[in-house]
Structures are given as C-alpha cells and as structure tokens.
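Below you'll find the structure, written out as structure tokens, and then a few comments.
No lab work stands behind these numbers, since they all come straight from the coordinates. Predicted model only: the values in this text are computed from it and were never measured. Cβ sites come from the backbone with ideal geometry, for glycine too, and all protein chains shown count toward neighbours.
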Amino acid sequence: MQLRAQFNYDLQRSVCVNSIVLCRKKFRIHLFSPGDDLQGFFIMHHFSQQEIKRMRHALDLARKGAGYVLPNPMVGAVIVKEGKTIGAGFHERFGGAHAEVNALAQAGNAAKGATLYVTLEPCSHYGKTPPCVDAILAARVARVVVAMQDPNPQVAGNGIARLQEQGVQVDVGLLTAEAVDLNKPFIKFITKHRPFVTLKIAQTLDGRIADAHGASRWISSVEARKLVHQWRFEAGAVLVGIGTVLQDDPRLTIRHADGPQPFRIVLDRNLRIPLTSQLLTDEFAKKTILITSDARSDSLKIEQIAANGARLLQLPLQNGRFELSQVLAALAELGIAHIFIEGGADIASAFLQANSVDRLCVFVAPKIFGAGKTAFQIPGYSAKYPLQLRSASWCAIGPDMLLEADVFAGEQEESRKISNKD
Ligand code: AOF
Ligand code: ZN
C-alpha cells in the first residue's frame, strides 16, 4: 500500500495530521527514494506493536533530558537486535553527546546489523559534536526507525537521505505526534528563532489571581506549586513583570526539583527593581535578566545591577510599552528557547493580546475571593468570537484543577478581526 502524506511542522495548525491519523491506524511512513522529492512526502506502511513499544521506550529516555538540553531537542535512542535491546541512550545535556552516540557506545560491535529507534532524525552536520549519521554508518546499523524529521534547517531530511544513500533502511513516522509534542519549544526556536511561551495562571474559582488588597500568594496548592517548580526547571527561563517583584520579592528558583536554576527575566521598563531584591542579591543573580527601556540612563543603578552579575537588556518602547516580539527576539538571541510566564495579570494579558502565547496552564483553586483582579483583560473578543483554546485537557493536581491548552496566534488574530467588524 502506498499513500502520500504531507509532513510539516507548523505548530499553529494540526501538526503532521496525516501521520497522526495514519499512525493510529498503525501505518508507517517511508521516505520516497532519494531521487524523489524529499520535501516531506512519505509512503506509509504498517508498524508493529513491538516497534511502537521500542519507540515509546526511546521517547521515555528522551524525556530524561528535560531541563538539561534546551535549546537542543530531547532525543532518545534504542538499539534492538534479534528482539533484544542491546543499547539505549539519550541526549543528556546541552553540548553533550547525542542520543544515538550514547546508545551505540552501549551496543558496541553488536550494533552491526541491528535496528536503531530514534525519536529525531539523526543529524548530518558538524555542530558541537560530529554527525550521528557517520557514527551509525560506522557501526553498520542495518535499519533506522525515526519518529520525526529534524526541523533544524542544517539537517532537515539530509540525515535520512544520507543513511538511505548508504543502503540503510530508514522508516520515518513512528509516534510522530508524541515526538513533536515532546519538542515543541525546540521546534519553535529552531524554525522561528523565537522562544516557545508557556503562560501559567493560578486563580480562584471566581477567576481572581489576587484579592481586593492585591494579595496573591498561596492561591494554588502545595502540589500545584511543586509542579510549577518542575515546569520552571524544564523551561529554563521564568518571566515576570516588575509589579510581581515589587509586591512579592520572589526568588523564582527551583526548590522542589534538582537541576540547573532557570533564567529569571523581569520586564521593568522604568528600572524600578530595588537593588535589595532577591533576584539581584541571591547566589543566582547571574541568572537574572532585566529588560528595561533604552531611554533609561540611570547609569549608577545600571552599574550596580551589573556589579551584582545580573544582565540588562535595553529595548525601545512603543507607546510606552515593550514590543513583545522584540522582547522575544532578544531573548532568543541569548539562546532562550522556552519562557515560562508567571505573572501578573498585566503581563499575562499583554502576551495574550500580542498573540505571543503558545501554551496556557491554568490552575483553578477551589476558593472564591469575591473581589480582586482577574488574569485576562483582553479587548476584542466576544462570546461569538472568543479567544479559542485548542487541545484543552483538564486534570486534578491535589485539590486544584489544572487546564492545559494550546493557543494559536493566527487564529486569534482572525477571530478578533471578524469580531471587530461585527
Ligand atoms: C541527533 N541526536 O541527540 C540531538 C540532535 O550542537 P550539537 O552538535 O549538539 O547539535 C545540535 C543540533 O543537532 C540540534 O539543533 C538538532 O538539530 C540536532 N540534535 N540530533 O541526531 C541528538 N540532540
Ligand atoms: Zn546527532
């Protein structure tokens, strides 16, 4: 059976729709022969339950790299021969060995004639490490099963083509949807040169993120806060507005999870941050990035901030506000691939208003404040044309409810335009 399917990494739309649907029906996707158009057309075949199990193992391994590898992807690899796993590995940290190399090292000479399951197309370029394709060819692996093509333009199908040219059987498209889901921040960063943006809100049942006196601490449960620490760690960068710093003097560090501390980014156009704030004085001050207006010339304060080790980015204001696309571009320049936004209402609304949120995570605590600030104040939407979220799922985290959903910038823009016309 030969079917053609368009393969694309557009995060805004239904990613790899054909492969998701067809994988569920247990088809597998083959690249056409190398002479054919490699622009993402595949022939589909059947994948067995055993093969699905192997790739799932590789995906589980890949996840172990969470928090350590960005802006690189999480990648896992499993090598199987005669039904036995003879090698398994993952990309453990940014700049370190790639997944395939770690798995091959474990398999040793036994890799000859084996099948390699890998969650991302093996790389074909010299980056911080030599091409994985060379290592696979040197080990004489017979077959490579790939979950998804590498969206990195330096690879983008070349790894698959090179393996095929050398007579390796390559099967692409097993558990593609899971692989894409795993690496959404990497995909956005490498294709759009922008960080992936997750917006987190903790609110009461009546939608308040603070009470009438502005108090906003401890809305969500201990369980929810633990999860937030894990997310901070996985994203590697947390962003808040200066209002949150003035109100709470937060540390924005990881205390319930092990691993490197995240960047702590503050939008502070008037450089109001107190020099005594924890973000400037604790042992992770080097991880603090202040974004302020390029019109600020408080040279003494700027010097004092720098002396503490914090970084200062100065950007222009437009109508008194930052252009958020410029903020995101500047952070991408620093290699930041995922930003976890934690507050407050003005920041949340501004990012949504600017179509700059990819994913929304809302904790709803079983409490009612009856008065106070709500998170979302965004003009231009209505009951008829709401800001519509996609792929929403709910689960319980301790006593709280957690909603996770995708936000599609393009769609929101359309909705608002139509709504404004009505
Ligand atoms: C793989 N296996 O485990 C990873 C891959 O700077 P480098 O050398 O680490 O290369 C980073 C790029 O290599 C990254 O952008 C992505 O295209 C690919 N990552 N590839 O075959 C891996 N981490
Ligand atoms: Zn590689």
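Observations on the model:
- Alpha-carbon centroid distance for the pair the range 78-135 / the range 292-320, whole angstrom: 45
- Assuming charge only on the beta carbon of Lys and Arg (+1) and of Asp and Glu (-1), the dipole of the range 131-185 about its Cα centre is about 120 debye to the nearest 20.
- Mean separation of Cα pairs under 8 Å and 6 or more residues apart, divided by the residue count, gives the range 280-422 a relative contact order of 19 percent.
- DSSP bridge pairs, the chain: antiparallel proportion in percent, nearest 5: 50
- The chain: angle of helix 409-421 to the longest principal axis, Cα-based, in degrees nearest 10: 50
- Positive-pole candidate from His98, Val245, Phe322, dipole of the chain, charges at beta carbon: His98
- Electrostatic dipole magnitude of the chain [Cβ: Lys, Arg +1; Asp, Glu -1; Cα centre; debye, to 20]: 520
- Taking every DSSP beta bridge that has both ends in the range 184-334, the antiparallel portion is near 10%.
- Sequence-distant residues sharing a close amide H with Val170 (under 5 Å, placed H): Val144
- Legend: ranking of residues Arg264, Arg321 from fewest to most surrounding C-beta atoms inside 10 Å; resulting order Arg321, Arg264.
- Computed from backbone phi with θ = phi - 60° and the Karplus coefficients 6.51, -1.76 and 1.60, the 3J(HN,Hα) list for the range 202-217 is 10, 9, 7, 4, 8, x, 8, 9, 7, 8, 5, 8, x, 6, 10, 6 Hz; x is used for glycine and proline.
- Shown in residue order for the range 304-312 are the 3J(HN,Hα) couplings computed by the Karplus curve 6.51 cos²θ - 1.76 cosθ + 1.60 at θ = phi - 60°: 5, 5, 5, 4, 6, x, 6, 9, 10 Hz (x for Gly and Pro).
- Taking the charge dipole of the range 133-183 about its Cα centre, with +1 at Lys and Arg Cβ atoms and -1 at Asp and Glu Cβ atoms, the residue from Gly159, Gln169, Gln149 reaching farthest to the positive side is Gln169.
- About the centre of its Cα atoms, the range 223-380 shows a dipole size close to 240 debye [charges on the beta carbon of Lys, Arg (+1) and Asp, Glu (-1) only; nearest 20 debye].
- Residue pairs exceeding 21 angstrom between C-alpha atoms, taken from Lys64/Lys184; Lys53/Lys226; Lys81/Lys184; Lys200/Lys301: Lys53/Lys226; Lys81/Lys184; Lys200/Lys301.
- Among Asn355, Asn72, Asn319, residue whose mean-square fluctuation peaks in a GNM of the chain (springs only between Cα atoms under 10 Å): Asn319
- The angle between the Cα long axis of helix 324-333 and the longest principal axis of the Cα atoms of the chain comes to about 50 degrees, rounded to the nearest 10.
- For the chain, the longest principal axis of the alpha carbon atoms and the long axis of helix 222-235 meet at an angle near 60°.
- Top of Thr276, Thr244, Thr119 by mean-square fluctuation, Gaussian network on the chain, Cα under 10 Å: Thr276
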